[in-house]
Amino acid sequence: MSRSWQSLDAADLEREYTPSSVIDSLAAELEAYATASARTRSAHPPVELRYGPGPGELLDLFLPETPGPAPLLIFVHGGYWQELGKEDAGFPADAVLARGAAYASVGYPLAPTASVAQITDAVCRAVSWLHGHAPAYGIDPERIQLAGSSAGAHLAACVLLHGRVPLRAVTLLSGVYDLRPLVTTTVNDPLGLTEREAWRLSPMNRVRCTPARVAVAWGEIETSEFVAQSRDFAAAMAAAGNRVEAYELAGLNHFDNVFALTDPATPVGASTLSLLETP
């Protein structure tokens, strides 16, 4: 990744890594998640499943009514590893279920109770659990897509690069792929990352060629550092030989771009949904 962040003073770095600094109301964005997810969960009650023994190691699985084996879209929520939960990320299930596919919203333990390393391990285990138990739930283990937003995109990228599970595609929305710029910001207060650990846990430090199709997207309304994080990671993955698509989502910001994931009118949504329908 470019080292542009090293030239920023503390105030600029704080602002650049506060994605709500360029929107009108963070509360309104989070309420949109909660409202849409509550509506979806009411219409399509998920099965809550435990993938590990630890606190928060639960996922919500939404299953289609059509007979399987069905493709699966797994989503990892954001919140800077310290906020939100699987209940806030149910809304993509509507479009997924309508196409005869399954949808999973992964929960994970949050900081400061858990470290970023522990959170990363939990999400890797969640995806492995879903792959291993796929046949029991009428899911095709060869047709699994993974997606994540913000911190969830970091976690999804880690799953991809760890290579434990064969993934058909991975979609990364407004992620943080080099964690080092966070170390001196207030974001790090509950995380406690050192610069060395931040780099060790950074997908930019693990770039390699993978079999999955990779989409990297970001909103038009983002701080320059978040745009740079996505552009640089997409370029690095492409240089390593990956099949990479990069999208700037017009008119969307760091928070509402997650709705594009299953919106066929957007390039990232069209790609995600089309692949769910591909044998």
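Checking the conditions here, which among I144, I119 is farther than 30 Å from S224 by Cβ, crowded, with 24+ Cβ neighbours inside 10 Å and not charged (D, E, K, R)? Lay out the reasoning, then the answer.
On the way: I119 fails: farther than 30 Å from S224 by Cβ.
One residue alone meets the criteria, I144.
What is the number of the single condition among (1) part of a helix (DSSP H, G or I); (2) in contact (Cβ under 8 Å) with a residue 40 or more places away in the chain; (3) buried (at least 19 other Cβ atoms within 10 Å of the Cβ) that P135 does not meet?
So P135 meets the others, but not (3).
Name every residue in the range 97-116 that is in a helix (DSSP H, G or I) and touching a Leu at 6+ places or on another chain (Cβ under 6 Å), in order of residue number.
V116
Can you give me the number of residues within the range 10-26 that are part of a loop (DSSP other than H, G, I, E, B) and under 20 Å from the mean Cα position of the chain (by Cα)? Write out each step before concluding.
Step one: of the range 10-26, the residues part of a loop (DSSP other than H, G, I, E, B) are 17-18, 23-25.
If we keep only those that are under 20 Å from the mean Cα position of the chain (by Cα) as well, we get 17-18.
Summing the residues that are part of a loop (DSSP other than H, G, I, E, B) and under 20 Å from the mean Cα position of the chain (by Cα) in the range 10-26 gives 2.
For the range 52-66, how many residues are closer than 18 Å to A93 by Cβ and either in a loop (DSSP other than H, G, I, E, B) or modelled with pLDDT under 95 (or both)? Spell out the reasoning first.
We begin by selecting, within the range 52-66, every residue closer than 18 Å to A93 by Cβ; these are 58-66.
Still in the running and either in a loop (DSSP other than H, G, I, E, B) or modelled with pLDDT under 95 (or both): 63-66.
Within the range 52-66, residues that are closer than 18 Å to A93 by Cβ and either in a loop (DSSP other than H, G, I, E, B) or modelled with pLDDT under 95 (or both) number 4.
All but one of (1) closer than 26 Å to L110 by Cβ; (2) buried (at least 22 other Cβ atoms within 10 Å of the Cβ) hold for L161; which doesn't?
(2)
Residues of the range 233-275 being assigned to a helix (DSSP H, G or I) and touching a Ser or Thr at 6+ places or on another chain (Cβ under 9 Å), which ones?
M237, N257, V258, F259, A260, L261, T262, V268, G269, S271, T272, L273
Does the range 154-167 include one or more residues that are on the phi > 0 side of the Ramachandran plot and not hydroxyl-bearing (S, T, Y)? Full working, then the answer.
Let us first name the residues in the range 154-167 that are on the phi > 0 side of the Ramachandran plot, namely 163.
From what is left, the residues that are not hydroxyl-bearing (S, T, Y) are 163.
For the range 154-167, residues on the phi > 0 side of the Ramachandran plot and not hydroxyl-bearing (S, T, Y): present.
With respect to the numbered conditions (1) over 20 Å from the mean Cα position of the chain (by Cα); (2) at pLDDT below 95, which one is the sole condition not fulfilled by G100?
Only one criterion is unmet by G100, namely (2).
Could you pull out the residue among E83, E29 that is assigned to a loop (DSSP other than H, G, I, E, B), surrounded by fewer than 20 Cβ atoms within 10 Å (Cβ to Cβ) and either charged (D, E, K, R) or touching a strand residue (DSSP E or B) at 6+ places or on another chain (Cβ under 9 Å) (or both)? Break it down stepwise before answering.
Details: E29 fails: assigned to a loop (DSSP other than H, G, I, E, B).
E83 is the lone residue from the list that is assigned to a loop (DSSP other than H, G, I, E, B), surrounded by fewer than 20 Cβ atoms within 10 Å (Cβ to Cβ) and either charged (D, E, K, R) or touching a strand residue (DSSP E or B) at 6+ places or on another chain (Cβ under 9 Å) (or both).
Against the conditions (1) crowded, with 16+ Cβ neighbours inside 10 Å; (2) in a loop (DSSP other than H, G, I, E, B), where does D94 fall short? Just the number, please.
The one condition D94 does not meet is (2).
Identify the residue in the range 158-180 that is touching a strand residue (DSSP E or B) at 6+ places or on another chain (Cβ under 8 Å) and part of a loop (DSSP other than H, G, I, E, B) and, among all such residues, is nearest to C124 (Cα to Cα).
Of the range 158-180, the ones touching a strand residue (DSSP E or B) at 6+ places or on another chain (Cβ under 8 Å) are 159-160, 165-175.
Restricting the remaining residues to those that are part of a loop (DSSP other than H, G, I, E, B) gives 165-168, 174-175.
Working: V165: 9, P166: 12, L167: 12, R168: 16, S174: 20, G175: 17 Å.
In this case the residue turns out to be V165.
S230 versus (1) in a loop (DSSP other than H, G, I, E, B); (2) at pLDDT 95 or above: which is the lone unmet condition?
(1)
The values are calculated or read from the model by the stated rules, or taken from the named source; none is laboratory data. As the structure is a prediction and not an experimental result, all values here were calculated from the model. Cβ atoms come from the backbone with ideal geometry, glycine included; neighbour counts cover every protein chain shown.
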